[in-house]
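We did not get these values from a lab; they are worked out from the coordinates using the rules stated. For clarity, every value in this text was computed on a predicted model and none was experimentally measured. A quick note on method: Cβ atoms are made from the backbone with ideal geometry, for glycine too, and the neighbour counts reach across all protein chains shown.
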Number of protein chains: 2
Amino acid sequence: MGALLEEATEILRSRGGRMTNQRKRILESLELLGSHPSADEIFAFVSQSDPTLNLSTVYRTLRWLEQEGLVSARHFHFDEDRRTDRFDAASPIDHHHFICTECKSVIEFDNRLIGEVKNQFSRQTNCWVQSVSVVLYGLCPNCQK
Amino acid sequence: MGALLEEATEILRSRGGRMTNQRKRILESLELLGSHPSADEIFAFVSQSDPTLNLSTVYRTLRWLEQEGLVSARHFHFDEDRRTDRFDAASPIDHHHFICTECKSVIEFDNRLIGEVKNQFSRQTNCWVQSVSVVLYGLCPNCQK
DNA sequence: GTTTTTATTGCAAATGATTTGCAATAATTT
DNA sequence: AAATTATTGCAAATCATTTGCAATAAAAAC
């Protein structure tokens, strides 16, 4: 059983919530589908094993997970694409993204210089920085030919 | 007359386009309203001087400017906010943003380390990076009290 | 284990942002 | 000044997401 599911169950319990089948499956799918799925993609995936699942349940669960800090929602700006949110089972602080504008694949990365950018900005402006989002857009090796 | 208006006029001419009153006013407003306005805000502003302007004209003009690389559209992920695009008369490459999640104010900044992050990533992955988007979220000095 | 309570679901309808089809309008060309 | 056609305004469509509400099903109380 994944860490996300356990953590979510605990939070749920602590406020009189209920761990339903739908929620279990949505949480599972977030761990299985690693690739920043959209609500629709999660819905399609979970529907295979539970055809009665409703899309609004997916949205409700994701938004709840987001509020609890267990999931982060981001909006990648693909050039001509629709503007759908994509969800990610990790904290937004500890990794960043490269997006291939051709094949839409996503590569995660981290770089300690980003923390430095954040610190320098804080020092210069006295702003308190809570989170940093870095997205690189370009072409992956496959799509460069 | 602003540089944006001149550049846009030239591009327009070069492909049999027409510099209309509406387009002029929308371009002007992009220079006057510096603060990453939404299509709605641009519409409200220009409507004051031209009450017949239509919102879809604003969208069409903005998308066209985006395609020509004269404007960039971004979607800032304000926590509970609606997901509206915000527009910016500058190239997305040469500056980045801090957003105060409380008062929604935007501070632009740049930092040469960001170019370094980009270069390191390219070297390590052989991805070609076209543009970089960095958004810091947090609290501005005023909202920290 | 059955009944009660109420959080959660499914459904359908609402929403908000953005886009599109089309006839009317107005820049530019002739 | 007339002809051409890019652009507009309008209304309706679309897409992603949210919401109200009655039905359902966890968990609690018996």
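Counting only helical runs of four or more DSSP H residues, what would the 222 nm mean residue ellipticity of chain B come to if each run contributes -39,500 (n - 2.57) and the total is spread over all its residues? Write out the running numbers ahead of the final one.
Details: 5 runs with 61 residues, N = 145.
Value at 222 nm, helices only, nearest 500: -13000 deg cm²/dmol.
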Bounding extents of the protein assembly as shown in its principal axis frame from Cα atoms, largest first in Å, are 63, 53, 42
Computed log₁₀ I(q)/I(0) - Debye formula, equal Cα scatterers, no solvent, the range A:93-145, q 0.22, 0.23 Å⁻¹:
-0.80, -0.84
Size of the dipole of chain A about the Cα centre, Lys and Arg at +1 and Asp and Glu at -1 on the beta carbon, nothing else charged, in debye to 20?
340
Keeping to pairs on different chains or 8 or more places apart, tell me how many lysine pairs in the protein assembly as shown have Cα atoms under 27 Å apart.
7
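Taking R0 as 25 Å, what's the FRET efficiency between A:Ser14 and A:Asn119 from their Cβ-Cβ distance, rounded to 0.05?
Numbers: r = 34 Å, r/R0 = 1.37.
Efficiency for this residue pair is about 0.15.
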Please list, ordered by chain and number, the residues whose modelled amide H lies under 5 Å from the amide H of A:Gln130; skip anything fewer than 5 residues away on the same chain.
B:Tyr137, B:Gly138, B:Leu139
What's the percent breakdown of Cα-Cα distances in chain B across 5 Å bins, shortest bin first?
2, 9, 16, 18, 17, 15, 11, 8, 3, 1, 0
Spelling out what I want: for every residue of the range A:136-145, take phi, set θ = phi - 60°, compute 6.51 cos²θ - 1.76 cosθ + 1.60 (Karplus), and round to whole Hz; glycine and proline get x.
9, 10, x, 10, 6, x, 4, 8, 7, 5
Apply 1/(1 + (r/R0)^6) to the Cβ-Cβ distance of B:Thr52 and A:Ser131, taking R0 = 41 Å, and write down the FRET efficiency to the nearest 0.05.
0.45
Antiparallel bridges, percent of DSSP beta bridges restricted to the range B:93-145 (to nearest 5):
50
Rounded FRET efficiency, nearest 0.05, which uses the C-beta distance separating A:Asp40 from A:Trp64 and R0 of 22 Å
0.80
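Report the gain in length on full extension from A:Asn21 to A:Asp110: 0.36 nm times residue separation, minus Cα-Cα distance, nm rounded to one decimal. Walk me through the numbers on the way to the answer.
Details: separation 89, 0.36 × 89 = 32.04 nm, distance 3.47 nm.
My answer for the length gained is 28.6 nm.
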Using only alpha carbons, build the gyration tensor for the range A:5-81 and give me the equivalent ellipsoid semi-axes, biggest first, whole Å.
22, 16, 10
Using a simple spin-label model with points 7 Å from Cα along the Cα→Cβ vector, what separation in nm is obtained for A:Glu7 and B:Glu31?
4.9
Given label points at 7 Å from Cα along Cα→Cβ, what nm distances, shortest first, separate B:Gln67 from the same residue in every other copy?
4.1
Karplus (6.51, -1.76, 1.60) ³J(HN,Hα), θ = phi - 60°, over the range A:100-116, in Hz, Gly and Pro reported as x:
7, 6, 8, 9, 6, 6, 10, 10, 8, 8, 9, 7, 5, 4, 5, x, 5
